[in-house]
Amino acid sequence: MPSLKDLRNRIASVKATQKITKAMQMVAAAKLRRAQLAAEAARPFAQRMEAVLANLAGGMGPDAQGPALLSGTGQDKVHLLVVCTAERGLCGAFNSSIVRLARERALSLMGQGKTVKILCVGKKGYDQLRRQFEKQIIELIELRSVKQMAFSDADPIGRKIIGMFEAGEFDVCTIFFARFRSVIAQIPTALQLIPAQIPTAAAATGAQASYDYEPNEADILATLLPRNISIQVFRALLENAASEQGARMSSMDNATRNAGDMIKKQTITYNRSRQAMITKELIEIISGAEAL
């Protein structure tokens, strides 16, 4: 049985940890609102971009040759998986859920005889994936120094993906991130970037519309599709930022509650041990006095 000093030290240690988790919860709550607003503001822009691309793709003739970013290489032998996670931990299962989805996709593709390449955006995903896919990881992109996510942070990643595709390094590209729903719900999502998954014009806009474009649809698509990749990467990073803060807020709240429960249990154990020790000393004193 631990001594009273050990119990006091343990209670003091848990109280110090509780102060840290409570502070982290408050910081995450303060950051969450701004990150949530940024993620929600990016969704309509990305959806309208998809609608424009759908209308352009629908306006092309059946014999028209679309850009390679839209039609792909015609093969699916080499797959690039862009795994976006956080740079820091202490956010519950946020990173693990994204990595689990990417790991399942990678194992499924490798089981089909495909070649898998992994581009990690965020150190936590890299740390988990390198244990099993060290040979498949081609690069780690760290965003630790970024305080607030901006398009200038996502555009280099989008350009790198396009450069690799133009160099013939892969056939299909999929990005993995967590879509923010609420503080307690972050949905791991896989979105195919190349070839672009363009919905039909009617599904994207809700109604069939007809437009005349100058120059032709193929030229506009050749300009918008590279931009769309950077936009989708930016949207994924914003969704991840909001999901990370929501998951950290929830996990730190749970940790604070658990620390409080542990302090109560340790305090009860301390009081019982102290009372037992006092009772034992009194018995020894009384027994000694009666023996005289």
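The values are calculated or read from the model by the stated rules, or taken from the named source; none is laboratory data. Keep in mind the model is a prediction, meaning the values are calculated, not measured. Counting neighbours? That spans all protein chains shown, and the Cβs are built from the backbone with ideal geometry, glycine included. Remember, those area values only see protein heavy atoms, side chains included, never the ligands or the DNA or RNA. Shrake-Rupley method; radii C 1.70, N 1.55, O 1.52, S 1.80 Å.
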Open item on the list: Which residue fluctuates most in the GNM of the chain (Cα springs below 10 Å): L81, L32, L143?
Closed with: L143
Task: Helix 94-111 axis, angle to the chain major axis (alpha carbon atoms, nearest 10°) - done: 50
Open item on the list: At 1.002 mPa s and 20 °C, plugging the Kirkwood radius over alpha-carbon pairs of region 120-184 into Stokes-Einstein gives what diffusion coefficient in µm²/s?
Closed with: 154
Open item on the list: Can you tell me the orientation of helix 151-166 relative to the chain, as the angle in degrees between its alpha-carbon axis and the longest Cα principal axis, to the nearest 10?
Closed with: 60
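Extension gain V146-A289, at 0.36 nm per residue separation less the Cα-Cα distance, in nm? If you can, show how the numbers build up before the last one.
Values: separation 143, 0.36 × 143 = 51.48 nm, distance 7.31 nm.
Gain on extension, V146 to A289, equals 44.2 nm.
Kindly report the accessible area of the chain per residue (heavy atoms of protein chains, probe 1.4 Å, no ligands, DNA or RNA), in Å². Provide the component values of the computation, followed by the final result.
Numbers: 16220 Å² over 292 residues.
Using a 1.4 Å probe on heavy atoms only, each residue of the chain averages 56 Å².
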TODO: Name the long-range amide H neighbours of V116: under 5 Å, sequence gap of 5 or more, or other chain; modelled H, no Pro or chain starts.
DONE: H79
TODO: Would you mind telling me the share, in percent, of accessible area of the chain contributed by carbon and sulfur at probe 1.4 angstrom?
DONE: 53
- [ ] With runs of 4+ DSSP H residues as the only contributors, calculate the mean residue ellipticity of the chain at 222 nm using -39,500 (n - 2.57) per run, divided by the residue total and rounded to the nearest 500.
- [x] -22500 deg cm²/dmol
Open item on the list: 5 Å is the cut-off here: which amide hydrogens, built 1.01 Å from N in the peptide plane, fall below it relative to I194, excluding neighbours closer than 5 in sequence?
Closed with: C173
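What is the Cα convex hull volume of the chain when expressed per residue in Å³? If you can, show how the numbers build up before the last one.
On the way: hull volume 47.3 nm³, N = 292.
Output value, Cα hull per residue: 162 Å³.
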TODO: Calculate how steeply helix 123-133 sits against the longest principal axis of the alpha-carbon atoms of the chain, using the helix alpha-carbon long axis, and give the answer as 0 to 90 degrees to the nearest 10.
DONE: 80
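Just need the relative contact order of the chain here, percent rounded to a whole number, with Cα pairs under 8 Å and 6+ apart.
After rounding, I find 33 percent.
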Open item on the list: Not counting ligands, DNA or RNA, and with a 1.4 Å probe, what is D253's accessible surface area in Å² rounded to the nearest 10?
Closed with: 40
Open item on the list: Compute a Gaussian network model of the chain, connecting alpha carbons closer than 10 Å, and tell me which residue from A68, A276, A28 fluctuates the most.
Closed with: A276
Open item on the list: Need one number: nm distance between label points at L191 and D127, each 7 Å from Cα along Cα→Cβ, rounded to one decimal.
Closed with: 2.6
Open item on the list: Using all alpha carbons of region 13-58, what is the percent of pairwise distances in each 10 Å bin, ordered from the shortest bin to the longest?
Closed with: 23, 24, 19, 15, 11, 6, 1
